[in-house]
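Peer 1: Pasting a structure here, questions to come.
The values are calculated or read from the model by the stated rules, or taken from the named source; none is laboratory data. Nothing here was measured: the structure is a model prediction, and the numbers come from that model. All Cβ positions, glycine included, derive from the backbone under ideal geometry; neighbour counts span all protein chains shown. Accessible surface is based on the protein model in full, side chains and every heavy atom, while ligands, DNA and RNA are left aside. Shrake-Rupley method; radii C 1.70, N 1.55, O 1.52, S 1.80 Å.
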Amino acid sequence: MSLIDIAFYFFAILIIASAYIVVTSKNIMYSAFALLFTFFGVAGIYVLLNADFLAITQIVIYIGGILVLIIFGVMLTNRITGVDIKTGTMSKFQIWMTAILCVIAAIGLILIFTQTNWNTALSPTKASTIEDIGTLLLTDYLIGFEIASVLLLIAIIGAALIARRKTN
Amino acid sequence: MIETYLPLIFMLVFAFAVAFIFMILSEWIGAKRTTPEKVTTYESGMVPRGTARERFSVKFYLVAMSFIVFDIEVIFMYPWAVSFNETGLAGLIGMIIFVIILLAGLIYEIRKGGLKWD
């Protein structure tokens, strides 16, 4: 096993274990903090996939931004300490539907995994992908890039509207 | 490229391991003579009043949301800055449009009083 394999299994175990805590923890704050390790593990997987820009984005936006937003969201709710998020309060029908959907998703993933022609060539020895991403964003994918800013505009206007509804 | 990041990964793992081991060790072999003063949240600091799990003002949410939006804007600026020599004037114009659209959001937020704290 090479060092890269060890790093991969370390991140894979980190992601699965912390994601399990996110789902099963009774305390919603523990879930939020376990989510931090899930995001961090995904960033590590991105590094192993040679996607350095994605890894930095994952750390800066998901860990630095989205997670803070989630924790704020928890703190904004009325009853934090008394919230009882039991996972076992589903009806029989819900459990069966969930099981069927999970099996379908698993079969789909396994099919994708086995059918895809995985490119096993040696990874290009490029120092960084950031320059290519920047060039493509501002030439071929310019429309998507500008639409992304419109999406962000909607987010900030929506937040301003919701937060200021009572006073104005 | 991965090889250049491996030392970073192992440094992170090492840092986590050291912090974790020291916490466990101090829990196991440390002396535990507690006084009421020692178990307060900030020893010799402010006397805590009320629980820390209080309901926060929604204004924090607006600040966090603005932070994320402009965080993403800066993340997009980074590849543009790196590839500036290749994209040139067209890239600059594309970026200016991007910033102007987001600037509209910022102006809206200021006009709406979203950044006032009272």
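Peer 1: What residues qualify as long-range amide H neighbours of A:Thr129, i.e. H under 5 Å apart, gap of 5 or more or another chain, H built at 1.01 Å from N?
Peer 2: A:Asp52, A:Phe53
Peer 1: OK, next. Is there a pair in A:Lys26/B:Lys112; A:Lys26/A:Lys92; A:Lys26/B:Lys38 whose C-alpha atoms are over 32 Å apart, and which pairs would that be?
Peer 2: Violating the 32 Å Cα-Cα cut-off are A:Lys26/B:Lys112.
Peer 1: Just tell me how shielded A:137-144 is by partners: mean number of partner chain Cβ atoms within 10 Å of each residue's Cβ, no decimals.
Peer 2: 5
Peer 1: Here's another thing I want to ask about it. Taking region B:19-118, which trypsin sites (Lys or Arg not before Pro) meet the DSSP loop condition and have no more than 14 other C-beta atoms within 10 Å?
Peer 2: Filter output for region B:19-118: B:Lys32, B:Arg33, B:Lys38, B:Arg49, B:Arg53, B:Arg55, B:Lys116.
Peer 1: Using just the helices of chain B, give the 222 nm mean residue ellipticity in deg cm²/dmol: DSSP H runs with n ≥ 4 each add -39,500 (n - 2.57), and the total is spread over all residues, rounded to 500.
Peer 2: -24500 deg cm²/dmol
Peer 1: Per residue of region B:9-18, in order, report the coupling 6.51 cos²θ - 1.76 cosθ + 1.60 (Karplus, θ = phi - 60°) as ³J(HN,Hα) in whole Hz, putting x for Gly and Pro.
Peer 2: 4, 5, 5, 4, 4, 4, 4, 4, 4, 4
Peer 1: Can you give the three extents of the C-alpha atoms in region A:1-96 along their principal axes, from longest to shortest, in whole Å?
Peer 2: 45, 32, 20
Peer 1: So what is Rg over Rh here for region A:127-168, counting just Cα atoms and using Kirkwood for Rh?
Peer 2: Radius of gyration over Kirkwood radius for region A:127-168 works out to 1.30.
Peer 1: At 1.4 Å probe size, with the rest of the protein present, what percent of the exposed accessible area of the protein assembly as shown is carbon and sulfur atoms?
Peer 2: C and S atoms contribute 72 percent here.
Peer 1: Calculate the tail of P(r) for the protein assembly as shown: the fraction of all Cα-Cα distances greater than 27 Å, expressed in %.
Peer 2: Counting pairs separated by more than 27 Å, the tail of P(r) holds 61 percent.
Peer 1: If each Cα of region B:2-111 is one equal point scatterer, what is log10 of I(q)/I(0) from the Debye formula at q = 0.15, 0.20, 0.21 Å⁻¹?
Peer 2: For region B:2-111, the Cα-only Debye profile gives -0.96, -1.09, -1.12.
Peer 1: Relative to the compact-globule scaling 2.2 N^0.38 Å, provide the ratio for the alpha-carbon radius of gyration of region B:56-116.
Peer 2: The value comes to 1.38.
Peer 1: Still on this structure, I have one more. Just report the Cα centroid separation between region A:142-164 and region B:40-79, whole Å.
Peer 2: Here the two parts' Cα centres lie 21 Å apart.
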